[in-house]
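The values are calculated or read from the model by the stated rules, or taken from the named source; none is laboratory data. Computed from a predicted model, the values in this text were never measured in an experiment. Cβ: placed from backbone, ideal geometry, glycine included. Neighbour counts: every protein chain shown.
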Amino acid sequence: MKLKFYKYEGTGNDFVIIDNRNGKLKANNYKLWEKLCDRRFGIGADGLMLLQNKKGYDFEMYYVNADGKPTSMCGNGGRCITHFAKKMGVIKGNKAHFLAIDGDHEALIKGEVVKLKMKDVDEVKIKVEAKKEQFILNTGSPHYVTFAENVMQSDIVEQGRAIRNSKDFKKEGINVNFVELRKKDIPLLRTYERGVEDETLSCGTGTVATALVLAEKDKSTAKDHCDLQTMGGKLKVWFSKSKNGFKDVYLEGPVKMVYSGIIEI
């Protein structure tokens with residue numbers, strides 16, 4: 001069977017996208033999704049998405065990580081699939097309303113930039129270990145955020161894997177973010193992602209989590225938004241902060257269709 005696919009990236013976070021509005025592909029074909037995401041024997045990607053019909057919405061986003069397994073929300077994936085839905089004529093204007101695993105999302109398309117509404121965040125948990133603050137929060141996916149120095153010289157994979165597989169997080173897994181504050185530039189972020197089990201060039205929900213932690217610590221680049229430099233490019237997170245947490249949270253950044261093709265499955 002020949003399968004048409006599209007390859008997208010959002011600040012280096014790359015995805016295979018398949019138009020499954022005809023419903024011919026079963027969502028639980030986990031071994032196939034893993035094979036397609038394999039960078040040596042497949043197309044290669046951090047994750048895979050199916051664009052599907054859903055009554056009451058423009059579309060449904062079905063997402064799996066590179067291991068082929070269904071997982072939590074992917075922010076950059078949500079931005080990419082919104083752009084893809086526009087390309088496929090699913091969205092007529094510049095606004096989208098779609099369903100993902102963590103619920104409803106809205107998105108605004110401005111050329112090659114997509115601004116995606118994320119879930120509200122009610123709580124940022126803080127714990128101190130070895131005199132170092134660690135932050136735990138859920139932005140559609142669970143995240144661990146910590147401040148770091150010389151992040152470009154750090155072994156993010158080794159450190160991230162150790163935290164992700166530690167006693168507190170091993171069962172469910174967690175995404176691990178290392179952020180460095182820089183005097184002459186915006187904060188620098190590197191992320192280790194569960195499911196990929198490696199560093200990714202960018203993580204949307206991780207960028208949101210890190211931006212909210214920075215806002216919580218009054219270290220955001222602005223009162224209502226935070227700019228962050230990921231390994232794959234710059235992202236902007238908008239938010240409204242109050243004593244009850246964060247609302248009106250948006251992830252904004254560029255997306256690009258890299259190529260499309262046909263693969264035999």
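Can you find, within segment 160-219, the residue that is surrounded by the fewest Cβ atoms within 10 Å (Cβ to Cβ) among those that are touching a Pro at 6+ places or on another chain (Cβ under 8 Å) and assigned to a helix (DSSP H, G or I)?
Among them, the one singled out is Leu214.
How many residues does segment 82-100 contain that are in contact with a helix residue (DSSP H, G or I) (Cβ under 9 Å, 6 or more places away or on another chain) and either part of a strand (DSSP E or B) or not assigned by TED's automatic domain parsing to the domain that holds Lys54 (or both)?
Residues meeting the conditions: 3.
Report whether or not Leu25 is in the same structural domain as Tyr8 (by TED's automatic domain parsing), farther than 21 Å from Ser202 by Cα and in contact (Cβ under 8 Å) with a residue 60 or more places away in the chain.
When the stated conditions are applied, Leu25 does not pass them.
Taking the residues in segment 7-35 that are under 19 Å from the mean Cα position of the chain (by Cα) and of a type in the set (A, V, I, L, M, F, W, C) as candidates, determine which candidate is farthest from Glu193 (Cα to Cα).
Applying the first criterion (under 19 Å from the mean Cα position of the chain (by Cα)) to segment 7-35 yields 7-18, 33-34.
Checking the rest, the ones that are also of a type in the set (A, V, I, L, M, F, W, C) come to 15-18, 33.
On the way: Phe15: 14, Val16: 17, Ile17: 19, Ile18: 22, Trp33: 17 Å.
The qualifying residue farthest from Glu193 (Cα to Cα) is Ile18.
Kindly indicate the residue of segment 220-265 that is hydroxyl-bearing (Ser, Thr, Tyr) and in contact (Cβ under 8 Å) with a residue 24 or more places away in the chain and also surrounded by the fewest Cβ atoms within 10 Å (Cβ to Cβ) among those meeting that condition. It would help to see each step written out before you state the result.
Going through segment 220-265, the residues hydroxyl-bearing (Ser, Thr, Tyr) turn out to be 220-221, 230, 240, 242, 250, 259-260.
Of the ones still in play, those that are also in contact (Cβ under 8 Å) with a residue 24 or more places away in the chain are 221, 230, 250, 259-260.
On the way: Thr221: 15, Thr230: 26, Tyr250: 19, Tyr259: 9, Ser260: 12.
Looking at residues that are hydroxyl-bearing (Ser, Thr, Tyr) and in contact (Cβ under 8 Å) with a residue 24 or more places away in the chain, I get Tyr259.
Does segment 164-172 contain at least one residue that is among the acidic types (Asp, Glu), farther than 20 Å from Thr221 by Cα and in contact (Cβ under 8 Å) with a residue 24 or more places away in the chain?
Residues of segment 164-172 that are among the acidic types (Asp, Glu), as a first pass: 168, 172.
If we keep only those that are farther than 20 Å from Thr221 by Cα too, we end up with 168, 172.
If we keep only those that are in contact (Cβ under 8 Å) with a residue 24 or more places away in the chain too, we end up with 172.
Checking segment 164-172: at least one residue is among the acidic types (Asp, Glu), farther than 20 Å from Thr221 by Cα and in contact (Cβ under 8 Å) with a residue 24 or more places away in the chain.
Which count do you get for residues in segment 114-142 that are at negative phi and more than 15 Å from the chain's Cα centre (by Cα)? Explain how you work it out, then say what you get.
Of segment 114-142, the ones at negative phi are 114-129, 132-139, 141-142.
The next check asks that each one be more than 15 Å from the chain's Cα centre (by Cα); those that pass are 120-129, 132-136.
Looking only at that region, the number is 15.
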